[in-house]
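Each remark here refers to the structure printed beneath this line.
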């Protein structure tokens with residue numbers, strides 16, 4: 001077998017954090033921890049243009065080729081949106097999430113039109129992407145999280161769940177409905193570097209610094225129907241007990257206040 005090197009160039013001075021190739025236009029887009037977002041013309045490698053420079057290092061990039069737009073995140077908790085239907089790409093919107101922590105995880109659900117970000121401090125943000133052409137209206141609609149060093153996020157549309165992989169090798173399952181973690185397991189002995197979700201087979205693929213690649217079978221529900229009913233019944237029983245205790249305390253307080261010299265009814269006339 002033989003191969004030829006057809007392209008070699010160095011547009012950045014630091015680690016490249018995001019890369020995509022627009023095969024229709026012939027452009028290579030890249031962002032880096034050197035705080036620069038660059039575009040390179042594939043047929044003219046010497047033509048490298050700096051599109052934008054951030055105040056913080058760039059951390060991730062997603063290219064929505066169908067709608068001709070790019071999403072970039074940085075270490076300051078910012079999401080930037082560029083349109084690629086013109087050259088150079090136009091900056092359409094800059095969204096500051098509720099946190100200024102470093103965004104490491106980035107995923108997009110094109111069915112429900114949501115953007116998900118996760119930071120190295122455990123902050124998870126949900127942003128409303130809206131329909132194509134409404135990029136200026138993108139806004140953060142919810143946020144939650146825990147004490148995690150998130151490196152990557154993946155969304156499960158069918159279960160409305162987010163899977164976060166962290167620095168310690170754990171995968172956490174988050175319910176998008178409640179914003180609470182519902183399951184955690186030690187997936188790797190080192191940091192999780194990549195995850196992929198197969199919607200058809202319900203497989204979650206994880207890769208870690210322990211040099212392992214693991215397939216996980218995702219269940220339809222993390223809590224069985226019987227356990228869920230048991231928890232709901234338990235909550236109803238606890239609430240009923242608390243209500244009875246409050247009622248008993250109220251009645252006791254009324255008895256303690258009554259006395260023989262009570263003036264109740266003093267103004268009643270025969």
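The values are calculated or read from the model by the stated rules, or taken from the named source; none is laboratory data. Everything numeric here is computed off the predicted structure, so don't read it as measured data. Reconstructed Cβ throughout: ideal geometry from the backbone, glycine too, with neighbour counts over all protein chains shown.
Table for the structure above
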{"read-out": "Residue tally, condition within 19 Å of residue 222 (Cα to Cα), more than 14 Å from the chain's Cα centre (by Cα) and outside any strand (DSSP E or B), over the stretch 179-205", "value": "5"}
{"read-out": "Members of the stretch 141-175 found to be assigned to a loop (DSSP other than H, G, I, E, B), modelled with pLDDT under 95 and either surrounded by fewer than 16 Cβ atoms within 10 Å (Cβ to Cβ) or in contact with a strand residue (DSSP E or B) (Cβ under 8 Å, 6 or more places away or on another chain) (or both), listed by number", "value": "146, 147, 148, 157, 158, 160"}
{"read-out": "In the stretch 36-56, residue modelled with the lowest pLDDT [restricted to those that are more than 15 Å from residue 94 (Cα to Cα) and either crowded, with 17+ Cβ neighbours inside 10 Å or under 22 Å from the mean Cα position of the chain (by Cα) (or both)]", "value": "40"}
{"read-out": "Single unsatisfied condition, residue 116 versus (1) within 28 Å of residue 89 (Cα to Cα); (2) without any contact (Cβ under 8 Å) to a residue 60 or more places away in the chain; (3) surrounded by fewer than 19 Cβ atoms within 10 Å (Cβ to Cβ)", "value": "(3)"}
{"read-out": "Conditions (1) modelled with pLDDT under 95; (2) under 27 Å from residue 35 (Cα atoms); (3) more than 13 Å from the chain's Cα centre (by Cα); number of the one not met by residue 130", "value": "(2)"}
{"read-out": "Near pairs, Cβ below 8 angstrom, 6+ apart or cross-chain, from the stretch 158-172 (touching a residue at least 40 places away in the same chain (Cβ under 8 Å) and on the phi > 0 side of the Ramachandran plot) to any residue that is assigned to a strand (DSSP E or B) and surrounded by 24 or more Cβ atoms within 10 Å (Cβ to Cβ)", "value": "169/192"}
{"read-out": "Flag for residue 91 being in a strand (DSSP E or B) and crowded, with 20+ Cβ neighbours inside 10 Å", "value": "no"}
{"read-out": "Residues of the stretch 74-104 classified as farther than 20 Å from residue 19 by Cβ and touching a helix residue (DSSP H, G or I) at 6+ places or on another chain (Cβ under 7 Å), total", "value": "2"}
{"read-out": "Subset of the stretch 1-27 (residues that are without any contact (Cβ under 8 Å) to a residue 24 or more places away in the chain and within 26 Å of the chain's Cα centre (by Cα))", "value": "15, 16, 21"}
{"read-out": "Verdict on residue 71 being touching a residue at least 40 places away in the same chain (Cβ under 8 Å) and either closer than 16 Å to residue 127 by Cα or in contact with a helix residue (DSSP H, G or I) (Cβ under 8 Å, 6 or more places away or on another chain) (or both)", "value": "yes"}
{"read-out": "Unique match (being surrounded by 20 or more Cβ atoms within 10 Å (Cβ to Cβ) and closer than 25 Å to residue 152 by Cα) among 14, 33, 80", "value": "80"}
